[in-house]
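To start, the structure itself, in structure tokens.
The values are calculated or read from the model by the stated rules, or taken from the named source; none is laboratory data. All values derive from a computational prediction rather than experimental measurement. Here the Cβ positions follow ideal geometry from the backbone for every residue, glycine too, while neighbour counts run over all protein chains shown. Note: areas computed on protein heavy atoms with side chains; ligands, DNA, RNA excluded. Shrake-Rupley method; radii C 1.70, N 1.55, O 1.52, S 1.80 Å.
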Amino acid sequence: MSGNGSKVTVATTWLDGCSGCHMSFLDMDQRLVDLAEQIDIVYSPLVDTKELPEQVDLGILEGSISSDEDLHKAREFRARCKLLLSLGDCAVNGNVPAMRNPFKLDDVIERAYRENVDVNPQIPTEGVPALLATVRPVHHVVDVDIFVPGCPPHADTIHYVLTELIAGRTPDPGRVTRFGA
Amino acid sequence: MPLPVPQTNVRVVTLKVDGQDYSAREDETIIEVCRENKIPIPSLCWMDGLSVVGACRLCVVEIAGSPRLQAACATRVREGMVVQTNTDKLQRYRRTIVELLFAERNHICSVCVSNGHCELQWLAQTCGVDHVRMPYRNAGYSVDSSHEMFRVDHNRCVLCTRCVRVCDEIEGAHTWDVMGRGSGCQVVTDLAKPWGDSESCTSCGKCVQVCPTGALVKQGTSVGEMVKDQTFLSILARRRSHR
Ligand code: SF4
Ligand code: SF4
Ligand code: SF4
Ligand code: FES
């Protein structure tokens, strides 16, 4: 994989996840220094940029599709990234966010914001995206090219996948990770 | 199917598996020959020491001259048989079967007591299942914690019926059975009473140990703590068949 100039451009974001996959990314520690010479993080919660560029080589999504905002972000990433990678179990299979799926959305909201709240119970509507009735993995709403399961995937796993991609090879994440790893 | 009684005058046959020649006793199944010779065929419902049900179809193989795929656990070897265990077609079918198992119930590995010690997880990894293509059913299932030592979580059950067979054939209690059809199918204790109210259960724990997933577990286990020990089964099964 090669980007504009010599560096591979990478964009990341989190949807309905706990940010643990991004923490695992940071857990690559000193290897990040070497990676920084080969990749350019153009958009991410880890950097300051506010706009997703029109063209990105690799998009990395953490988290499941749980709200209309998640859906919008996933579609935008798919449209602008040459390769799209689902990072972690929430993105790959719905994981913990999807545990609400067997229940009706109204019941879930009622339980979270009224039944279990002692002081001033109220359902938030302003400034928060509307939740979808069913939580879905990213590839159930847009095409995904690479799947990296794990909760979170180990830093070594992320490093393996990135270095393979940078070298122009297709990684086989199943060799180093699995659901729940 | 009754447990095989060892016979004295069994013949030996030769067969080809993945291009290699092997010899085997004529009363053996393909999966037994493959296990002895370290040829990896995935399996789920089959277990050494229990009767054969041929239900999960993960062990399907191709046999030259046969138009259909055959379950290696339910097919005896024959003289001159030519078997393929790992063609692209078989890999495709196995992958689909494992994906359907994940889509059917609710498997959240990261918070499961069996995380890291689960046969379904391991099958997913070895069959190359890193995502599930079909929609999840998202149907809610119950958890029965009424037994003082054990718990059943139907969200994790793959309906392999190992629990049913071990309880009937090895323990002799027949506490477990299967109820309902299709997507309504479920394993039940006694006549679908809470496990804790069961009069037949001896609390031996055999079903918990043979269950391949986090469906049957010990009370008090937390995420990843449920490690199973299945060594007892082949020992008990052999002793019983010699009686
Ligand atoms: S039973 Fe196995 S596959 Fe299912 S959630 Fe538990 S660890 Fe994962
Ligand atoms: S604990 Fe023993 S007797 Fe009770 S259901 Fe399980 S196998 Fe049967
Ligand atoms: S409870 Fe366990 S052993 Fe019994 S059918 Fe379900 S998965 Fe198989
Ligand atoms: S292992 Fe042969 S059908 Fe299940």
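In the full protein assembly as shown, how much of B:ARG133 is accessible to a 1.4 Å probe, in Å² to the nearest 10?
Approximately 130 Å² of B:ARG133 is accessible to the 1.4 Å probe.
Would you please calculate the Kirkwood hydrodynamic radius of chain B over all C-alpha pairs and express it in Å, rounded to one decimal?
Numbers: mean 1/r = 0.0521 Å⁻¹.
Evaluated over chain B, this radius sits at 19.2 Å.
Kindly state, to the nearest 0.05, the FRET efficiency for A:TYR113 paired with B:VAL143, given R0 = 30 Å and r defined as their beta-carbon distance.
Details: r = 25 Å, r/R0 = 0.83.
After rounding to 0.05, the efficiency reads 0.75.
What are the residues of the range B:137-161 that lose 50 Å² or more of accessible area, with a 1.4 Å probe, going from their chain alone to all protein chains?
Residues shielded by partner chains are B:ASN138.
What nm value, rounded to one decimal, do you get for the distance between A:ASP106 and B:ASP48 when each label is placed 7 Å out toward the C-beta?
Going from the A:ASP106 label point to the B:ASP48 one covers 5.6 nm.
If you take every DSSP beta bridge fully contained in chain A, what fraction is antiparallel? Give it as a percent rounded to 5.
Bridges in chain A that DSSP calls antiparallel: roughly 15 percent.
Using a 1.4 Å probe and ignoring any ligands, DNA or RNA, find the accessible area of A:HIS72 and quote it in Å² to the nearest 10.
110 Å²
If I ignore ligands, DNA and RNA and count only protein heavy atoms, how much of B:SER222 is accessible to a 1.4 Å probe, in Å² to the nearest 10?
Rounded to the nearest 10, the figure is 60 Å².
Have a look at A:PHE103, A:PHE147, A:PHE77 and tell me which one the Gaussian network model of chain A (Cα, springs below 10 Å) gives the largest fluctuation.
Judging by the Gaussian network model, the answer is A:PHE103.
Write out the trypsin sites (Lys or Arg not before Pro) in the range A:53-126 meeting two conditions: DSSP loop, and at most 15 other Cβ atoms within 10 Å of their Cβ.
Working: sites: A:LYS73, A:ARG75, A:ARG78, A:ARG80, A:LYS82, A:ARG100, A:LYS104, A:ARG111, A:ARG114; in loops: A:LYS104.
Passing sites in the range A:53-126 are A:LYS104.
Please report Rg (one decimal) and Dmax (integer) in Å for the Cα set of the range B:113-169.
Taking only Cα atoms of the range B:113-169, I get Rg and Dmax of 14.0, 39 Å.
Buried accessible area between B and A (1.4 Å probe, both chains summed, ligands and nucleic acids excluded), in Å² to the nearest 100?
Details: alone 12760 and 9940 Å², together 21080 Å².
Answer for the B-A pair: about 1600 Å² buried.
Taking only Cα atoms of the range B:104-242, what ratio of Rg to Rh do you get with Rh as the Kirkwood inverse-distance radius? List each step's numbers first, then the result.
Values: Rg = 15.2 Å, Rh = 15.8 Å.
Ratio of gyration radius to Kirkwood radius: 0.96.
Per residue, what accessible area does chain B have, given a 1.4 Å probe and all protein chains present, in Å²?
Details: 11940 Å² over 243 residues.
Ligands and nucleic acids excluded, the figure is 49 Å² per residue.
Beyond 30 Å between alpha-carbons counts as too far, so tell me which of B:LYS193/B:LYS228; B:LYS16/B:LYS89; A:LYS50/A:LYS104; A:LYS7/B:LYS89 fall in that bin. Mind dumping the intermediate values first?
Details: B:LYS193/B:LYS228 25 Å; B:LYS16/B:LYS89 19 Å; A:LYS50/A:LYS104 35 Å; A:LYS7/B:LYS89 40 Å.
Listed pairs above 30 Å: A:LYS50/A:LYS104; A:LYS7/B:LYS89.
Over the range B:12-86, what number does the Rg to Rh ratio reach, with both radii from the alpha-carbon atoms and Rh per Kirkwood?
Details: Rg = 11.2 Å, Rh = 12.2 Å.
My calculation puts Rg/Rh at 0.92.
Among B:GLU169, B:GLU62, B:GLU26, which one shows the biggest mean-square fluctuation in a GNM of chain B, springs joining Cα atoms closer than 10 Å?
Taking springs between Cα atoms under 10 Å, the residue moving most is B:GLU26.
Would you mind working out the accessible area per residue for chain A, using a 1.4 Å probe, and quoting it in Å²? Display every interim value, and only then the final one.
Values: 9140 Å² over 181 residues.
Ligands and nucleic acids excluded, the result is 51 Å² per residue.
Once the other residues with Cβ under 11 Å from the Cβ of A:ILE39 are scored (Lys, Arg +1; Asp, Glu -1), what is the net sum?
Working: positive: A:LYS7; negative: A:ASP34, A:GLU37, A:ASP40, A:ASP57.
Residues close to A:ILE39 contribute a combined charge of -3.
What whole-number distance in Å separates the alpha-carbon centres of the range A:40-54 and the range B:183-207?
Between the Cα centres of the range A:40-54 and the range B:183-207 lies a distance of 55 Å.
Which order do you get for A:GLU110, B:GLU199, A:GLU51 if you rank them by accessible area with a 1.4 Å probe, largest at the top? Provide the component values of the computation, followed by the final result.
Numbers: A:GLU110 70, B:GLU199 165, A:GLU51 135 Å².
Sorted descending by solvent-accessible area, the residues read B:GLU199, A:GLU51, A:GLU110.
Calculate one ³J(HN,Hα) per residue across the range A:153-164 by plugging θ = phi - 60° into the Karplus curve 6.51 cos²θ - 1.76 cosθ + 1.60, and present them in order as whole Hz with x for glycine and proline.
Using θ = phi - 60°, the values come out as x, 4, 3, 4, 5, 4, 5, 4, 4, 5, 5, 5 Hz.
Quick one: 3J(HN,Hα) in Hz for the range B:150-155, Karplus 6.51/-1.76/1.60 with θ = phi - 60°, rounded, Gly and Pro as x.
10, 9, 10, 10, 5, 4
With springs only between Cα atoms under 10 Å, which of A:VAL92, A:VAL148, A:VAL117 fluctuates most in a Gaussian network model of chain A?
Most flexible of the set in this elastic network: A:VAL117.
May I ask for the distance between the Cα centers of the range A:87-129 and the range B:119-161, given as a whole number of Å?
Centre-to-centre distance over Cα atoms comes out at 23 Å.
Sequence-distant or interchain residues sharing an amide H contact under 5 Å with B:CYS56, placed H: which?
Hits under the 5 Å cutoff: B:CYS45.
How large, in percent, is the carbon and sulfur part of the accessible surface of the range B:12-86 at a probe radius of 1.4 Å? Let's see the in-between values first.
Details: 1650 of 3520 Å².
It is 47 percent, rounded to a whole number.
For the range A:1-87, what % of the accessible area comes from carbon and sulfur atoms, probe 1.4 Å?
Details: 2020 of 4160 Å².
Here it works out to 49 percent.
With every atom except the alpha carbons ignored, what do you get for Rg and Dmax of the protein assembly as shown, in angstroms?
24.8, 81
Using the Karplus curve 6.51 cos²θ - 1.76 cosθ + 1.60 with θ = phi - 60°, what ³J(HN,Hα) values do you get for each residue of the range B:200-210, in whole Hz, with x for Gly and Pro?
8, 5, 9, 6, 6, x, 5, 4, 5, 5, 7
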